[in-house]
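Some notes on the structure that comes next.
Values quoted throughout were computed directly from the atomic coordinates according to the rules given, and no laboratory measurement underlies them. The structure presented is a predicted model; accordingly, all values stated were derived computationally and were not measured. When we count neighbours, we look across all protein chains shown, and the Cβ atoms used for this are built from the backbone with ideal geometry, even at glycine.
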Amino acid sequence: MISREEVLNIANLSKLYLDESEIEDARKEMDGMINFAKKIDKIDVDFKDLPEFNSISNAFHEDEIKESYPQNKILESVDGGKDGYFYIKKFN
Amino acid sequence: MRYDLVVGLETHVELNTKTKIFCNCANKFGSEPNTNCCPICLGHPGTLPKLNEKVVNFAIRAGLALNCEVNLISKMDRKNYVYPDLPKAYQISQFYDPICKNGYIELDSGKKIRINHIHMEEDAAKLVYKGGDTYVDYNRGGVPLLEVVTEPDISSSDEAKEYLEKLQMIMRYIGVSDCKMQEGSIKCDVNVSVKPEGSDKLGIRTEIKNMNSITFMAKAIDYERERHIEIIENGGKIMQQTLRYLPETNSTESMRSKEDAQDYRYFRDPDLVDIVLTKEQINEIRNSLPELPGERFKKYVNEFGISENDAVLLVKYKNVSDYFESAIEGLKNVKTVSNFIIGQIFRSLETEAEKEEFKILTAPNQINELAKLIESGKLNMNLAKKALIKMLESGKPVTEFVSESDMKGISREEMKKMCEEAVKANENAVKDYLSGKEKALKALLGSVMKQTRGRGNAQEIEEILKGIIVK
């Protein structure tokens with residue numbers, strides 16, 4: 001059972017502001033979601049049997065410098081940024 | 001009521017690898033913003049991180065030097081939080097299976113500060129705040145870090161200082177980090193709480209983030225201690241929270257209420273595979289570790305008979321200690337060399353940074369040659385010191401500054417003759433001495449020393465002079 005406190009904590013972390021009337025609804029909905037997902041528990045899976053996850057290990061990169069992307073290319077996705085930086089305007 | 005202070009430190013040590021932890025971008029301080037970046041360290045969709053092999057090697061080195069066990073299997077986890085310094089909205093770190101655990105650093109008092117674990121992680125980007133706006137430089141994003149986490153074993157700000165200085169020294173000795181506080185390559189988060197004296201139950205703690213000065217860290221601990229005690233004495237309750245230290249006012253302010261570990265929703269990073277180590281690999285690294293500062297300190301004090309104060313100065317920087325080690329080869333009395341380093345050589349270096357770098361013109365073998373001349377009695381200390389100053393200025397060997405005759409020394413017969421002449425030539429001084437003026441003898445001594453061109457032994461001359469005068 002999801003508790004009222006858990007709902008408030010998650011809302012706080014998600015920057016959501018819930019009215020008193022919304023808290024109980026949210027609690028019930030989240031409970032429903034968790035219970036639905038709990039069906040997965042019934043599947044008998046031993047993670048050790050998953051080959052991809054265990055057969056590969058130690059994939060490393062060598063400590064040798066390769067050229068980075070040019071600054072303008074890096075900032076292309078944010079309209080060129082500002083003075084070479086990613087830029088976040090003050091918001092209220 | 002009396003209270004015990006309880007402190008635990010989480011120290012971030014930036015590794016001096018050539019590249020970042022998950023990509024081949026340069027790990028470099030002071031570049032133009034966003035010039036050491038690529039889609040991997042910017043967390044673009046579809047990219048795959050790959051762990052830097054050197055980071056693993058350095059983490060093992062650090063673990064062994066800090067008396068830790070190294071885990072044969074370790075894994076990377078995601079620590080989720082949303083902030084502009086992390087483009088992926090999670091930091092790749094280690095939570096469930098860190099690479100090293102259960103170590104310690106021993107303080108001078110013999111007290112051991114236990115290390116819970118060491119984990120590898122990526123640094124976040126640097127945020128610059130200007131006029132309320134935020135500018136982000138991702139050059140630091142993905143720089144490799146080790147986080148060294150202690151148990152709450154520290155019970156004073158002095159112990160915290162000593163622990164951090166020792167950690168810094170060890171990391172430099174094993175060559176994994178420069179630990180430059182001013183460049184942020186070592187910084188720590190400090191957990192502080194107080195409890196009634198002798199009580200087993202820990203108090204509620206506050207965490208001071210991002211301390212990048214040892215002095216301020218000590219002040220912050222002392223400030224928090226007083227603040228906690230005051231709240232408790234007034235019947236209040238400490239709020240568990242994350243704080244920032246303000247050096248201008250020597251106080252702390254709240255940053256945010258402390259997240260619990262579960263708020264970070266740690267889980268295994270499916271992009272990164274297990275790190276599997278062998279005992280052979282670990283032993284190989286163990287054998288490649290240099291002699292550590294603690295071991296050298298003990299050797300200098302116990303075997304060489306150097307004072308503790310001097311030994312501290314010798315081991316503080318690896319370059320100094322290495323220089324000393326190679327300059328004392330084949331010498332019976334190594335104190336001459338330690339005195340030269342702490343005396344004449346340190347005086348020629350103005351800043352701590354210069355001492356740390358220890359780039360001087362005189363090679364260790366030249367100091368060795370000088371010390372051997374003294375040891376064999378060919379050169380007296382007076383002339384040796386004068387020669388050393390010239391050697392340090394020019395980088396030339398001792399033979400450039402002392403002549404054959406300087407190295408011959410001077411016989412007792414010759415000295416006696418000089419003394420007799422001096423007594424004859426300075427009747428007034430002799431009278432003064434006989435009437436009780438001790439100083440008069442010094443004048444005579446000075447004139448004879450001058451005549452020997454510094455080769456004579458002052459004590460011996462004084463003795464001869466007294467003998468002549470009293471007769």
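Think of segment B:291-408 as a dipole: +1 on every Lys or Arg Cβ, -1 on every Asp or Glu Cβ, centred on the Cα centre; then among B:F358, B:N382, B:V334, B:N382 lies furthest on the positive end. Here the relative contact order of chain A, from alpha carbon pairs under 8 Å that lie six or more residues apart, stands at 17 percent. Extent along the principal axes, Cα only, for segment B:215-304: 56, 52, 26 Å, with the longest axis given first.
With the helix formula -39500 (n - 2.57) applied to DSSP H stretches of n ≥ 4, the protein assembly as shown reaches a computed 222 nm mean residue ellipticity of -11500 deg cm²/dmol. Give me the net charge for the shell around B:L444: Cβ to Cβ below 15 angstrom, other residues only, Lys and Arg +1, Asp and Glu -1. Surrounding charge for B:L444 is +2.
Across peptide A:11-17, the average count of Cβ atoms from other chains found within 10 Å of a residue's Cβ is 1.
A simple count of charges around B:I229, restricted to other residues whose Cβ falls under 15 Å of its Cβ and scoring Lys, Arg +1 and Asp, Glu -1, yields -1. Pairs of lysine residues in chain A that meet both criteria, 8 or more places apart or on different chains and Cα atoms under 19 Å apart, total 5. Farthest toward the positive end of the dipole of segment B:412-470, out of B:A429, B:I461, B:Q451, is the Cα of B:Q451, where the dipole comes from beta carbon charges about the Cα centre. Within a straight-line Cα-Cα reach of under 19 Å, B:K396 can be paired with the following aspartates and glutamates, leaving aside sequence neighbours fewer than 8 residues apart in one chain: B:E369, B:E404, B:D406. Taken residue by residue and averaged, Cβ atoms of other chains lying within 10 Å of the Cβ of B:132-139 number 5.
Among the lysines of segment B:159-276, pairs at least eight places apart or on separate chains and with Cα atoms under 19 Å apart come to 15.
Among the chymotrypsin sites (Phe, Trp or Tyr not before Pro) in segment B:3-71, those placed in a DSSP loop whose Cβ has at most 16 other Cβ atoms within 10 Å are B:F29. The value given for chain B is a Kirkwood hydrodynamic radius of 26.6 Å, derived from the mean inverse Cα-Cα separation.
Only Cα pairs under 8 Å and 6+ residues apart enter the sum, and on that basis the relative contact order of segment B:3-284 stands at 24 percent. Checking Cβ-Cβ separations below 4.7 Å across chain B identifies B:C23, B:C25, B:C37, B:C38, B:C41, B:C179, B:C188, B:C419 as cysteines lacking any candidate disulfide partner. A cut-off under 14 angstrom between Cβ atoms defines the neighbours of B:E159, and their net charge, with Lys, Arg +1 and Asp, Glu -1, is -3. Among B:L445, B:L48, the order by Cβ neighbours within 10 angstrom, fewest to most, reads B:L48, B:L445. Straight-distance candidates among the aspartates and glutamates for linking to B:K50, with alpha-carbon spacing under 17 Å and chain neighbours fewer than 8 residues away dropped: A:E52, A:E62, A:D63, A:E64, A:E67, B:D77, B:E121, B:E122, B:D123, B:D269, B:D271, B:D274.
The relative contact order of segment B:271-409 comes to 19 percent, based on Cα pairs under 8 Å that sit 6 or more residues apart. With the charge dipole of the protein assembly as shown set up from +1 on Lys and Arg Cβ and -1 on Asp and Glu Cβ about the Cα centre, the Cα lying farthest toward the positive end among the listed residues A:I23, B:N319, B:I115 is that of B:N319.
Normalising the Debye intensity of the protein assembly as shown to I(0), with uniform scatterers on Cα atoms only, and taking log10 at q = 0.12 Å⁻¹ returns -1.28.
For the segment B:54-60, counting C-beta atoms of other chains within 10 Å of every residue's C-beta and taking the mean gives 2.
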